[in-house]
Amino acid sequence: MENQSLPQHELDTALARRLKALRHEHALSLDELASRSGVSRTTLSRLENAETSPTANALGRLCTVYGLTLSRLMSMVETQSAPLLRYSDQSVWKDPETGFVRRITSPPGPDLQGEAIEGTLQADTHISYDASPRPGLEHHLVLLEGRLTLQFADRSYDLSAGDCLRYRLNGANAFQTPPDSGARYLIFMV
């Protein structure tokens, strides 16, 4: 049986339930999670009650607290699948704040470590994360279309279509597209 991608409102509801469950599994109050993540208590409550769609920034901060990648978190709310995940069944999430689109291309698998995601950023978009969800996580970013600047470890890398950047993520990082070009890329995480 193949994975069935959830409609956005159902994905938001499933994600809200998972975020609340993670907080309880880690024995954190809303106040403690707000303090650790830098996401306000009010926003956390609204996220856990599916009253608002989470932003990439908020999810990134929460994933850092829980030691998860965003794609691992998203795979937790999808149904289990066979080894083949058709394009039409892949989970797609859109950041309501920036328009960033994240497609989880890897079939969910609790025993598998590698993950692949496709990201699409509009022109003149900046997304930053305060920390790596799992320090030392190896990334291979292949830029498929457009231009993208990736910043981490006090370095900046300007990528053009076809470029591949291999790195270990250990701290804050940012993705930036220029005013005249968006970007579409694949990230393979090991």
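The values are calculated or read from the model by the stated rules, or taken from the named source; none is laboratory data. In this text the structure is predicted, and so the values were computed from the model without any measurement. All Cβ positions, even for glycine, are placed from backbone atoms using ideal geometry, and neighbour counts span all protein chains on display.
When you go through S181, S160, S132, S156 one by one, which is the residue that is within 16 Å of A56 (Cα to Cα) and touching a strand residue (DSSP E or B) at 6+ places or on another chain (Cβ under 7 Å)?
Being within 16 Å of A56 (Cα to Cα) and touching a strand residue (DSSP E or B) at 6+ places or on another chain (Cβ under 7 Å) holds for just one of S181, S160, S132, S156, which is S132.
Would you call L121 surrounded by 14 or more Cβ atoms within 10 Å (Cβ to Cβ), at negative phi and at pLDDT 95 or above?
In short, yes.
Quick one: in the stretch 20-34, which of the residues that are in contact (Cβ under 8 Å) with a residue 12 or more places away in the chain and outside any loop (DSSP other than H, G, I, E, B) is surrounded by the most Cβ atoms within 10 Å (Cβ to Cβ)?
Result: L33.
Can you find a residue in the stretch 52-65 that is touching a Leu at 6+ places or on another chain (Cβ under 6 Å), buried (at least 20 other Cβ atoms within 10 Å of the Cβ) and at pLDDT below 90?
yes
Can you pull out every residue in the stretch 165-178 that is over 21 Å from R61 (Cα atoms) and in contact with a His (Cβ under 7 Å, 6 or more places away or on another chain)?
R166
Hey, could you check the stretch 143-161 for residues that are of a type in the set (A, V, I, L, M) and buried (at least 18 other Cβ atoms within 10 Å of the Cβ) and say which is nearest to R86 (Cα to Cα)?
L143
I want to confirm something. Restricting to the stretch 152-170 and keeping residues that are part of a loop (DSSP other than H, G, I, E, B) and among the charged types (D, E, K, R), which single residue is nearest to L68 (Cα to Cα)?
Here the residue is D154.
Tally the residues that are exposed (fewer than 15 other Cβ atoms within 10 Å of the Cβ) and under 23 Å from A172 (Cβ atoms), restricting the search to the stretch 100-115.
Total satisfying the criteria: 0.
For the stretch 91-139, how many residues are free of Cβ contacts under 8 Å to residues at least 24 places away in the same chain, aliphatic (A, V, I, L, M) and in a loop (DSSP other than H, G, I, E, B)?
Residues in the stretch 91-139 being free of Cβ contacts under 8 Å to residues at least 24 places away in the same chain, aliphatic (A, V, I, L, M) and in a loop (DSSP other than H, G, I, E, B): 1 in total.
Among the residues of the stretch 72-95 satisfying the criterion of being at pLDDT below 80 and small (G, A, S), which is nearest to T52 (Cα to Cα)?
Taking the candidates together, the pick is S75.
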